[in-house]
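Below is one structure, written out as structure tokens; the observations come after it.
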Amino acid sequence: MSVLVKKAEAQLQTAIENAIKKAQAACQLPEAELLPIKTEIPADRKNGDYSTNAAMAHAKAFRMPPVKIAGAIMENLELDGTYFEKCECAGAGFLNFTLSEKYYSDILCDVIEKGEKYGHSDLFKGKRALVEFVSANPTGPMHVGNARGGAMGDCLSEVLSWAGYETEREFYINDGGNQIEKFGLSLDIRYRQHFGDPIEMPEDSYHGQDIIDHAENFAGIYGDKYINASEEERRNALVNYALPLNIEGLERDLLKYKIKYDTWFRESTLHNSGAAKRVVDLLTEKGYTYESEGALWFRAEQFGCDKDFVLKRSNGFYTYIVPDIAYHYNKLQERSFDLAVDILGADHHGYVPRLKAALTALGINPDRLQVVLMQMVRLVKDGEVIKASKRSGKAITLVTLLEEVPIDAARFFFNMREANSHCDFDLDLAVEESSQNPVYYCQYAHARICSIFRKMEENGTVLSDEVQLKEGLLTHETEKELIRFIASLTGETEAAAKLLDPSKLTRYAVDLATCFHKFYNSCHCDIDDEGLKTARLTLCKATAITLKNVLGLLKVDAPEKM
């Protein structure tokens with residue numbers, strides 16, 4: 001939460017504690033150990049801006065009715081010098097506190113002073129985080145699930161940065177294992193077919209047009225040079241040609257989607273450097289492996305897993321999880337990130353405990369690895385679920401999706417729900433220019449504020465860069481509600497970072513736009529009262545800063561005109 005919100009809450013805690021101690025010293029309350037003072041924001045602001053059940057909580061310790069305790073607290077309560085102006089008792093002893101006008105004016109001054117940094121926090125300052133997301137199979141184009149993972153991972157990275165982490169983004173390139181062997185096989189067959197070989201494609205190979213195009217282009221460059229080469233040489237040549245092109249394509253498409261990675265980490269480096277072998281050797285040295293039926297097993301049950309699992313098969317090849325263990329050991333041990341976050345499909349739920357068990361065995365705190373499991377995406381058009389592009393008749397990829405909807409809408413829509421919620425992406429709504437479209441709704445709020453300032457300037461009113469805000473002018477409930485909501489941004493940032501849930505900021509943007517529209521419909525800025533006009537324009541400016549910052553976190557434009 002913002003510094004001022006924290007300051008106000010700390011002042012309230014201290015004031016209540018001091019009032020109880022003062023009442024005890026005056027023998028109005030008996031001597032007893034004070035319990036922790038809890039304050040909260042009431043659901044209905046008519047009951048005050050903050051409330052506490054301190055009187056009820058101490059009834060047993062003080063052996064007094066809560067109402068009498070509340071009366072003693074109120075009698076000894078000192079609010080001078082705090083952000084609170086009054087306290088009232090309600091019900092069986094609830095104490096309700098009302099914020100002062102200075103609080104509201106100081107919040108606006110704080111927003112304008114911090115500018116583009118408003119909403120940031122030092123909560124995790126000094127810590128480093130690595131977010132690995134998308135990591136799509138490099139043997140083909142990215143699908144809509146990758147589009148959701150991309151939006152979530154990129155926004156989460158930004159949230160962690162806002163919360164104080166030194167954050168890096170990473171793409172893990174699966175350029176080893178079965179999928180690369182299948183890739184080479186598929187390219188090989190298409191290349192041979194090009195030169196008349198009647199060989200058929202196996203059902204479980206890659207049948208996409210991209211494989212045909214790669215084989216054709218390879219043949220255009222090298223002709224039949226590799227037809228009579230060994231199968232290994234031919235497939236290696238084809239993979240070495242096609243894989244870099246695919247990776248370049250992934251990087252190009254993700255940049256179009258406003259995602260830029262700090263690192264592209266290749267799985268093959270774990271094999272070539274011996275890192276995969278080293279983690280298996282380490283586990284063996286620690287006594288956490290055993291041999292059975294020619295295979296090497298990890299004692300996973302010892303670390304809470306439902307069963308042990310194989311690290312090295314009887315044929316001498318490592319299982320898929322070994323390079324993954326080595327990769328996360330590299331992140332947390334060798335590169336010393338305090339936090340490693342993976343965004344994975346929900347089908348990985350059984351994989352996570354295995355990975356954490358291996359890290360624990362290697363001496364790494366498994367809590368330093370946090371995995372966000374993401375549910376599936378369904379594309380909806382005309383009220384029906386669709387699986388293919390009308391243009392090509394093929395599965396919709398990230399590229400074809402961005403041909404259908406604006407990038408801002410795609411990033412916003414994919415980040416509107418928690419990762420563990422299924423995502424229905426409404427293609428019609430994403431392009432609709434109405435208040436029903438949440439991204440349009442937020443952008444329109446920002447454009448409306450900019451329009452207000454343009455009209456004011458046309459009429460000769462220019463808001464000074466120096467904030468000169470008189471207290472006690474912004475008294476309308478929609479004004480106060482908007483300021484209170486603006487004040488909550490930093491707290492939302494911290495909560496989103498702790499929960500690894502960037503969708504909290506997307507929802508915040510929508511709710512902020514709603515608060516502004518309510519204010520706009522109730523309070524006019526073009527009025528004769530110069531003091532109130534300036535105060536309301538200052539509130540508009542603070543709203544614009546806040547909204548632009550949040551949309552910027554989501555990498556969504558904040559237009560000045562629409």
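The values are calculated or read from the model by the stated rules, or taken from the named source; none is laboratory data. If you're wondering where the values come from, they're calculated on a predicted model, not measured in any experiment. Backbone-built Cβ (ideal geometry, glycine too); neighbour counts: all protein chains shown. Remember, those area values only see protein heavy atoms, side chains included, never the ligands or the DNA or RNA. Shrake-Rupley method; radii C 1.70, N 1.55, O 1.52, S 1.80 Å.
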Just a yes or no: is a residue in region 343-363 in a loop (DSSP other than H, G, I, E, B), touching a residue at least 12 places away in the same chain (Cβ under 8 Å) and touching a strand residue (DSSP E or B) at 6+ places or on another chain (Cβ under 9 Å)? yes
Give region 112-153 a look and list any residue that's farther than 30 Å from Asp210 by Cα, among the hydrophobic types (A, V, I, L, M, F, W, C) and buried (at least 21 other Cβ atoms within 10 Å of the Cβ), or say none. Phe124, Ala129, Leu130
Kindly establish whether Ala72 is at pLDDT 95 or above and in contact with a Phe, Trp or Tyr (Cβ under 7 Å, 6 or more places away or on another chain). no
Identify, please: which residue in region 273-311 is in a strand (DSSP E or B) and small (Gly, Ala, Ser) and is, among those, most open to solvent (accessible area, probe 1.4 Å)? Ser292
List the pairs whose first member sits in region 528-542 and is free of Cβ contacts under 8 Å to residues at least 60 places away in the same chain, whose second member is hydrophobic (A, V, I, L, M, F, W, C), and whose Cβ atoms are under 7 Å apart, counting only residues at least 6 apart or on separate chains? Leu532/Leu473
Yes/no for Ile20 being closer than 30 Å to Glu492 by Cβ and out of contact with any His (no Cβ under 6 Å at 6 or more places or on another chain): no
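Residues are listed down the side, and each one gets a yes or a no for (1) basic (Lys, Arg); (2) in contact with a Ser or Thr (Cβ under 7 Å, 6 or more places away or on another chain); (3) surrounded by fewer than 21 Cβ atoms within 10 Å (Cβ to Cβ):
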| position | (1), (2), (3) |
| --- | --- |
| Tyr318 | no, no, no |
| Pro323 | no, no, no |
| Asp347 | no, no, yes |
| Gly350 | no, no, yes |
| Gly363 | no, no, yes |
| Arg368 | yes, no, yes |
| Glu384 | no, no, yes |
| Pro406 | no, no, yes |
| Phe413 | no, no, no |
Among strands (runs of 3 or more DSSP E) completely within region 1-116, the ones holding 2 or more residues that are without any contact (Cβ under 8 Å) to a residue 24 or more places away in the chain are 84-90
Scan Leu99, Leu156 and give me the residue that is crowded, with 19+ Cβ neighbours inside 10 Å, modelled with pLDDT of 95 or more and closer than 30 Å to Asp324 by Cβ. Leu156
Name every residue in region 85-101 that is within 21 Å of Leu473 (Cα to Cα) and small (Gly, Ala, Ser), in order of residue number. Ser100
Of Asp44, Asp80, Asp49, which residue is open to solvent by less than 30 Å² (accessible area, probe 1.4 Å), closer than 30 Å to Cys540 by Cα and among the charged types (D, E, K, R)? Asp49
Which number in (1) farther than 18 Å from Gly491 by Cβ; (2) touching a residue at least 60 places away in the same chain (Cβ under 8 Å); (3) touching a Ser or Thr at 6+ places or on another chain (Cβ under 6 Å) marks the one condition that Leu130 misses? (3)
Residue list for region 243-262, restricted to those being outside any loop (DSSP other than H, G, I, E, B) and under 19 Å from the mean Cα position of the chain (by Cα): Leu254, Leu255
One residue from Ser161, Ser205 being among the polar types (S, T, N, Q) and assigned to a helix (DSSP H, G or I): Ser161
Do you know which of the residues in region 509-533 that are farther than 15 Å from Ile483 by Cα, touching a Ser or Thr at 6+ places or on another chain (Cβ under 9 Å) and not in a loop (DSSP other than H, G, I, E, B) is modelled with the highest pLDDT? Asn521
Counting only residues that are among the hydrophobic types (A, V, I, L, M, F, W, C) and crowded, with 17+ Cβ neighbours inside 10 Å, region 261-272 contains a total of 2
Selected residue [surrounded by 14 or more Cβ atoms within 10 Å (Cβ to Cβ), within 20 Å of Lys114 (Cβ to Cβ) and over 27 Å from the mean Cα position of the chain (by Cα)] from Thr478, Thr490, Thr538: Thr538
Among the residues of region 197-220, which ones are exposed (fewer than 14 other Cβ atoms within 10 Å of the Cβ), modelled with pLDDT under 95 and either under 36 Å from the mean Cα position of the chain (by Cα) or farther than 30 Å from Thr269 by Cα (or both)? Asp197, Pro198, Ile199, Glu200, Glu203, Asp204, His207, Gln209
Odd one out for Asn228, checked against (1) among the polar types (S, T, N, Q); (2) surrounded by 12 or more Cβ atoms within 10 Å (Cβ to Cβ); (3) over 28 Å from Glu168 (Cβ atoms): (2)
